[in-house]
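Structure first, then comments.
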Amino acid sequence: MHIRPAHSFVKCNVDAAFFSGEQKLGVGCILQNDEGMFMRCRTCAFNALVSVKEG
């Protein structure tokens, strides 16, 4: 469910993914204004030694 930020605030949603077989980490974020309109987004990928556990 999408919730708009309060008046004059900016909302930042962040997500990350781990790719243990490729030893990579990906991160993305998106900014929305108080009307729910897109402002800016960014993605980054990193080489990383990670192990993933679900639970």
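The values are calculated or read from the model by the stated rules, or taken from the named source; none is laboratory data. In this text the structure is predicted, and so the values were computed from the model without any measurement. Note that we place each Cβ from the backbone using ideal geometry, even for glycine, and neighbour counts take in every protein chain shown.
Structure summary
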| quantity | calculated |
| --- | --- |
| Any pair with Cβ under 6 angstrom, 6 or more apart, that starts in segment 30-42 at a residue that is basic (K, R) and ends at one that is surrounded by 11 or more Cβ atoms within 10 Å (Cβ to Cβ) | R40/L31; R42/C29 |
| Identity of the residue in the chain, β-branched (V, I, T) and surrounded by fewer than 10 Cβ atoms within 10 Å (Cβ to Cβ), that ends up modelled with the highest pLDDT | V14 |
